[in-house]
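The values are calculated or read from the model by the stated rules, or taken from the named source; none is laboratory data. A quick note: this is a predicted structure, and the numbers were derived from the prediction, not measured. Note that we place each Cβ from the backbone using ideal geometry, even for glycine, and neighbour counts take in every protein chain shown. In case anyone asks, the SASA skips ligands and DNA or RNA and just uses the protein heavy atoms, side chains included. Shrake-Rupley method; radii C 1.70, N 1.55, O 1.52, S 1.80 Å.
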Amino acid sequence: MSQYRTFTAQDAVEYAKQFGGLDNPSSLVEAQEVGDGNLNLVFKIFDAEGVSRIIVKQALPYVRCVGESWPLTLDRARLEAQTLVEHYQHSPQHTVKIHHFDPELAVMVMEDLSSHKIWRGELISGAYYPQASRQLGEYLAHTLFHTSDFYLHPHAKKAQVAKYINPEMCEITEDLFFNDPYQIHERNNYPAELEADVAALRNDDRLKVAVASLKHRFFSQAEALLHGDIHSGSIFVADGSLKAIDAEFGYYGPIGFDIGTAIGNLLLNFCGLPGHLGIRDAAAAREQRLTDIQELWNTFAERFQALAREKTRDAALSAPGYASEFLKKVWTDAIGFCGTELIRRSVGLSHVADIDTIADEAMRHECLRHAITLGKALIVIADRIDSAEELVARVRQYS
Ligand SMILES: Nc1ncnc2c1ncn2[C@@H]1O[C@H](COP(=O)(O)OP(=O)(O)O)[C@@H](O)[C@H]1O
Ligand SMILES: CSC[C@H]1O[C@H](OP(=O)(O)O)[C@H](O)[C@@H]1O
């Protein structure tokens, strides 16, 4: 029989005392539930001085932001913990450390990153972390290269693909990214004023063929162990530091999906900035976002190619020039997936604070329209955008 029970704050404290790996566990006295994501419970566990020392995260048997009417597998906690442990092996500087995991309770105990801040909030307020985009590029290069066919023995790779089969979480992505925005669906969520813009998505056959192709790649291209949801709300930053969290959508998929999600969230911030900052500050922050995007991709591509030169084990894949050919396909995928992230975060179930918290309604609608227009364009012209510099030029064209 399953031992699962939903934790109270006191349960979380007791659990952290037992499994937190702290030198002085008896100093832990209370917990606060701080989860602001769509899915899970997250407890900060405090000591007697009121310092948060460790985190206890538990999956609920349903989607938190919707309620018990949408049941969801508890196995996502295993997939999250395993993905983060695997990514930590390849990028310890940029991955949260998991101390303990229990599949029955769907609970993990992890490093407390209270010294950091969630990147999304920082991007919205105009705070700039000049190293963050390069560090994100490093994280993606190391985790994706070392879990790919470039690095793993073919038997090991296939065993990994099996270990990370994640059908229920993938189905959420398959529906929210590639289906819902292009049909009438009760999960969609957008202001009535945007009805014409959204109807245009449903009636655009060329767009829908391009989205089908992206969904097909998401279904079938087991290129590397993805984070699966690497948006700016799943990234902690501090001066000189960046750490990824929240990998429950991890599975073996197309590398361009992680890159596209990351770039897509920087572009969502780009679209929303005029709703948060004055004209001059917004313009400057937008330039920083465009620089971030170029640095992210260029760092990722350079690092991935360097790793490929030094460490590719497969005889055929190590052919000079192959890694750079492969990265061209990754880039095209990334632009397309980036476009789907822009659209699903504007029209679908789950939005982003970068746009949703804009107080002025007319401005909010304008920013949503901008994200939809840019997303549509990127999906359709992905194979005509050859570099990060060309992407930036296109973003300027659609601003
Ligand atoms: N390791 C951590 N250290 C400090 N705070 C954390 C940590 N992990 C999560 N949090 C807090 O909990 C929030 C929700 O966590 P997240 O993993 O995104 O949940 P969900 O899976 O529900 O999306 C984060 O936005 C952050 O404020
Ligand atoms: C029904 S889940 C919606 C949405 O929530 C996830 O984000 P997070 O766990 O970071 O809140 C993911 O992006 C899903 O697409």
Q. Does residue 202 meet the test of being modelled with pLDDT of 95 or more, farther than 18 Å from residue 338 by Cα, among the basic types (Lys, Arg) and more than 24 Å from the chain's Cα centre (by Cα)?
A. yes
Q: Scan segment 372-387 for residues that are in a helix (DSSP H, G or I) and hydroxyl-bearing (Ser, Thr, Tyr) and jot them down.
A: 373
Q. Does residue 160 meet the test of being polar (S, T, N, Q) and within 30 Å of residue 51 (Cα to Cα)?
A. no
Q. Would a scan of segment 251-258 turn up a residue that is part of a loop (DSSP other than H, G, I, E, B), within 16 Å of ligand 2 (Cβ to nearest atom) and under 28 Å from residue 112 (Cα atoms)?
A. no
**Q.** Test set (1) without any contact (Cβ under 8 Å) to a residue 60 or more places away in the chain; (2) within 16 Å of ligand 2 (Cβ to nearest atom); (3) under 30 Å from residue 303 (Cβ atoms); (4) among the polar types (S, T, N, Q) - residue 58 fails condition number
**A.** (3)
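Assess whether residue 103 counts as being under 27 Å from residue 337 (Cα atoms), without any contact (Cβ under 8 Å) to a residue 40 or more places away in the chain and of a type outside the set (A, V, I, L, M).
Values: under 27 Å from residue 337 (Cα atoms): no; without any contact (Cβ under 8 Å) to a residue 40 or more places away in the chain: yes; of a type outside the set (A, V, I, L, M): yes.
Taking the combined requirement at face value, the residue does not satisfy it.
Within segment 347-371, can you find the residues that are more than 19 Å from the chain's Cα centre (by Cα) and either part of a helix (DSSP H, G or I) or within 16 Å of ligand 1 (Cβ to nearest atom) (or both)? It would help to see each step written out before you state the result.
Going residue by residue through segment 347-371, those that are more than 19 Å from the chain's Cα centre (by Cα) are 357-370.
357, 361, 362, 363, 364, 365, 366, 367, 368, 369, 370 - these are the residues of segment 347-371 that are more than 19 Å from the chain's Cα centre (by Cα) and either part of a helix (DSSP H, G or I) or within 16 Å of ligand 1 (Cβ to nearest atom) (or both).
Each row is one residue, and each column tells you yes or no for (1) among the basic types (Lys, Arg); (2) open to solvent by 10 Å² or more (accessible area, probe 1.4 Å); (3) in contact with a strand residue (DSSP E or B) (Cβ under 8 Å, 6 or more places away or on another chain).
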residue: 138; (1), (2), (3): no, yes, no
residue: 141; (1), (2), (3): no, no, no
residue: 144; (1), (2), (3): no, no, yes
residue: 148; (1), (2), (3): no, no, yes
residue: 151; (1), (2), (3): no, yes, no
residue: 154; (1), (2), (3): no, yes, no
residue: 163; (1), (2), (3): yes, yes, no
residue: 176; (1), (2), (3): no, yes, no
Q: Please work out if residue 127 is more than 30 Å from residue 14 (Cα to Cα), assigned to a loop (DSSP other than H, G, I, E, B), of a type outside the set (Lys, Arg) and modelled with pLDDT of 95 or more.
A: yes
Q: Being under 29 Å from residue 231 (Cβ atoms) and either in contact with a Lys or Arg (Cβ under 8 Å, 6 or more places away or on another chain) or assigned to a helix (DSSP H, G or I) (or both) is the filter here, so list the residues in segment 1-32 that pass it.
A: 9, 12, 15, 16, 19, 20, 31, 32
**Q.** Residues of segment 311-328 that turn out to be free of Cβ contacts under 8 Å to residues at least 60 places away in the same chain, part of a helix (DSSP H, G or I) and of a type in the set (A, V, I, L, M), as a count
**A.** 1
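Give me the helices (runs of 4 or more DSSP H) completely within segment 167-244, filtered to those with at least 1 residues that are out of contact with any helix residue (DSSP H, G or I) (no Cβ under 9 Å at 6 or more places or on another chain) and β-branched (Val, Ile, Thr), ordered by residue number.
Working: elements: 167-178, 195-202, 205-220.
So the answer is 167-178, 205-220.
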Q) Can you name every residue in segment 259-310 that is in contact (Cβ under 8 Å) with a residue 24 or more places away in the chain and in a loop (DSSP other than H, G, I, E, B)? A) 276, 277
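Kindly establish whether residue 79 is within 14 Å of ligand 2 (Cβ to nearest atom) and in a strand (DSSP E or B).
Numbers: within 14 Å of ligand 2 (Cβ to nearest atom): yes; in a strand (DSSP E or B): no.
So residue 79 fails the test.
Please determine whether any residue of segment 200-209 is within 15 Å of ligand 2 (Cβ to nearest atom), touching a Phe, Trp or Tyr at 6+ places or on another chain (Cβ under 7 Å), of a type in the set (A, V, I, L, M) and open to solvent by less than 60 Å² (accessible area, probe 1.4 Å). Step through it out loud before you land on a result.
Going through segment 200-209, the residues within 15 Å of ligand 2 (Cβ to nearest atom) turn out to be none.
No: segment 200-209 contains no residue that is within 15 Å of ligand 2 (Cβ to nearest atom), touching a Phe, Trp or Tyr at 6+ places or on another chain (Cβ under 7 Å), of a type in the set (A, V, I, L, M) and open to solvent by less than 60 Å² (accessible area, probe 1.4 Å).
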Q) Which ones in segment 210-239 are more than 20 Å from residue 337 (Cα to Cα) and open to solvent by less than 60 Å² (accessible area, probe 1.4 Å)? A) 236, 237, 238
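Kindly evaluate residue 356 against the criterion of being closer than 24 Å to residue 172 by Cβ, crowded, with 21+ Cβ neighbours inside 10 Å and among the charged types (D, E, K, R). Spell out the reasoning first.
Values: closer than 24 Å to residue 172 by Cβ: yes; crowded, with 21+ Cβ neighbours inside 10 Å: no; among the charged types (D, E, K, R): yes.
So residue 356 does not fit the description; no.
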